[in-house]
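Derivation of every value follows stated rules applied to the coordinates shown; laboratory data play no part. Owing to the predicted nature of the structure, the values given are computational and were not obtained by experimental measurement. Ideal geometry is used to build each Cβ from the backbone, glycine not excepted, and the neighbour counts take in all protein chains shown.
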Amino acid sequence: MVRLGVQQRYIASLNELCHGKCPLPQSLSRGRGTFPLLPSTSLRAAPAGEGGRGMRGNRYMSNPGLQGEEVVAQWLQQQGARILHRRWRCRWGELDLVVQWGEELVFVEVKTRSAGNWDGNGLLALSSQKQAKLRSAAEFFLGESPQWCEAGCRFDVALVYYQPVGKSVEVAAIAPPVTYENHQFLIIDYLQDAFSG
């Protein structure tokens with residue numbers, strides 16, 4: 001079994017990102033180990049009325065980031081979350097997923113990366129400037145959605161790894177892999193309340 005050392009990179013990247021003020025997610029601090037690849041599922045289009053666009057046409061074929069967002073959205077729904085918006089845009093930027101999880105409003109940033117990425121599987125792309133843009137976009141969202149102004153809010157980060165089907169590298173994953181267009185997508189971590197601190 002090949003380990004990519006992602007857990008060690010996450011810990012270092014998360015500490016650097018949060019200047020040592022973020023508590024580590026339990027999944028990282030207890031060292032969950034490497035899981036074998038689980039049976040694959042197929043990516044499906046989002047049903048109408050779930051706040052999403054689904055997979056229409058060929059736009060998902062050439063954009064792994066969109067595929068990663070779809071995989072995370074489906075996983076969140078399986079966890080009991082309700083997807084309110086996908087790729088919500090305003091002049092301050094884009095919110096990948098806006099989710100209702102219980103009584104809480106969650107803004108989910110999805111980072112999809114392949115092997116050999118340069119930014120700690122997406123964590124290093126979440127600079128203080130990027131976080132400020134996401135916060136501004138969330139404030140704008142709340143300004144347009146007054147029904148959510150009293151709800152508790154948080155920012156989560158989902159890290160997705162993708163590789164060609166049949167590639168022999170196994171990585172730690174928190175959900176079964178999803179196959180789409182000859183690629184396998186794995187959610188390798190989900191960091192709740194990632195911007196606190």
So how compact is the range 146-197: Cα radius of gyration and Dmax in angstrom? 15.6, 49
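To check you understand DSSP bridge types, tell me what percent of the beta bridges within the range 85-197 (both residues inside) are antiparallel, rounded to 5.
The antiparallel proportion sits near 70 percent.
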Log entry: pair-distance distribution for the range 59-111, C-alpha pairs binned every 10 Å from zero, whole % per bin is 26, 53, 20, 1
Cys149 versus Gln77, label points 7 Å from Cα toward the beta carbon: distance in nm? 3.1 nm
Students often forget the sequence filter, so: which aspartates and glutamates lie under 18 Å Cα-Cα from Lys133 once same-chain residues fewer than 8 apart are removed? Glu94, Asp96, Glu109, Glu144, Asp156, Asp193
Taking the highest mean first, how do the peptides 75-88, 136-149, 180-193 order by number of other beta carbon atoms within 10 angstrom per residue? 180-193, 75-88, 136-149
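Between Asp119 and Arg135, what is 0.36 nm times their sequence separation minus the Cα-Cα distance? Round to one decimal in nm.
3.6 nm
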Cα centroid separation - the range 113-147 against the range 153-197, whole Å: 16 Å
Distance in nm between pseudo-label sites at Glu103 and His85 (7 Å out along the Cβ direction from Cα): 2.4 nm
